[in-house]
Amino acid sequence: MNRNGAFSKAFNILFCAFMLAPIVVVLGVSFTPEGFLEFPPSGISLRWYEAILDNPDFIQAAWISLQLAFAAATVATLLAIPAALAIGQSRFRGRDALQAIFLSPLMVPTVVLGIAFLRFLSLFGLNGTFAGLTACHAIIITPFILRLVLAAVTGLDMSAARAAESLGAGRWTVFRRITLPAILPGVVGGWVLAFITSFDELTVTVFIVNPSTTTLPVRMFSHITQTTDPLVASVSSVTVIFSLALMILVDRLYGLDRLLIGEGKKA
């Protein structure tokens, strides 16, 4: 059995500490009773969590972000599933080009995407609309779903599907009863990852929102440009806990190892 050496363990501990340190600081600041950023906090108070409930702008923005993330993740999933099935199960001219097109949002700087989306939506009068935001977010997050669904599709045993077709089952029946259950862990994992990515997206969104469709990240960014109270820290803590809860739920249902690196959960 391979064992990590002392240097490797120390490096891993330091790396994890480096990644978690900003989250720990934000969580600590959110509990301060003072009206300014303070870490470590001089006391423990829920003052700034109660302030969230007294701020309708943040609540409205959070509701818009939830709706937008749900809609965008669902649209992206509906696009990614047939694309992944075609790319993963077929060999055709332009297959690599098709995959590159779907993954291209990962290779374009988000600022460039934001400016391009702003120009494109303005041509059709969709800038700042919920439909326009959904379309842009769906484009941004589709690669995340596609990668996980492709991982589930690759190497998928199609013998059961072919047997069902030979017995007279239609393509929709085969997909619904055989193919979809087999790739469901990848679909669910991709949807959750896309949902979290859309919910937290700022750089592109700030170009294409208007006051009636302001999302939570944009509202937080606008707030910190005007003041430096710990309210943003408490809102950030809630979003971190919410995202963590989603990941834990997926891990309990399917296992993150199975989704991300193709390993089943240990018994």
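Here are some notes:
- Within the stretch 228-249, residues that are within 13 Å of Phe195 (Cα to Cα) and aromatic (Phe, Trp, Tyr) reach no partner that is modelled with pLDDT of 85 or more and not in a helix (DSSP H, G or I) with beta carbons closer than 6 Å at six or more positions or on different chains.
- Residues being over 14 Å from Val240 (Cβ atoms) and either in contact with a helix residue (DSSP H, G or I) (Cβ under 7 Å, 6 or more places away or on another chain) or hydroxyl-bearing (Ser, Thr, Tyr) (or both) - total across the stretch 5-38: 5
- Helices (runs of 4 or more DSSP H) fully within the stretch 5-120 counting 2 or more residues that are within 19 Å of Ser236 (Cα to Cα): 6-30, 47-53, 56-89
- Lone unmet requirement of (1) touching a Lys or Arg at 6+ places or on another chain (Cβ under 8 Å); (2) free of Cβ contacts under 8 Å to residues at least 40 places away in the same chain for Ile87: (2)
- The residue list Ile59, Ile101, Ile64, Ile87 contains one member that is at pLDDT below 85, within 20 Å of Ser198 (Cα to Cα) and not polar (S, T, N, Q), which is Ile101.
- Test: Ala84 is surrounded by 14 or more Cβ atoms within 10 Å (Cβ to Cβ), out of contact with any His (no Cβ under 6 Å at 6 or more places or on another chain) and under 14 Å from Thr142 (Cα atoms): yes
- Which numbered condition Ile140 misses (of (1) of a type in the set (A, V, I, L, M, F, W, C); (2) at pLDDT below 85; (3) surrounded by 12 or more Cβ atoms within 10 Å (Cβ to Cβ); (4) under 22 Å from the mean Cα position of the chain (by Cα)): (2)
- Selection status of Gly125, part of a loop (DSSP other than H, G, I, E, B), among the small types (Gly, Ala, Ser) and either over 29 Å from Ile183 (Cα atoms) or out of contact with any Pro (no Cβ under 8 Å at 6 or more places or on another chain) (or both): yes
- Test: residue in the stretch 169-189 that is closer than 30 Å to Met220 by Cα, modelled with pLDDT of 80 or more and not charged (D, E, K, R): yes
- Matching residues, the stretch 108-119, being within 18 Å of Leu79 (Cβ to Cβ) and out of contact with any Cys (no Cβ under 9 Å at 6 or more places or on another chain): Val108
- Total residues in the stretch 169-227, condition over 18 Å from Leu113 (Cβ atoms) and of a type in the set (Ser, Thr, Tyr): 7
- Screening Ser90 with (1) under 23 Å from the mean Cα position of the chain (by Cα); (2) exposed (fewer than 12 other Cβ atoms within 10 Å of the Cβ) gives one miss only, at (1).
The values are calculated or read from the model by the stated rules, or taken from the named source; none is laboratory data. The structure displayed is predicted, hence computed values, not measured ones. When we count neighbours, we look across all protein chains shown, and the Cβ atoms used for this are built from the backbone with ideal geometry, even at glycine.
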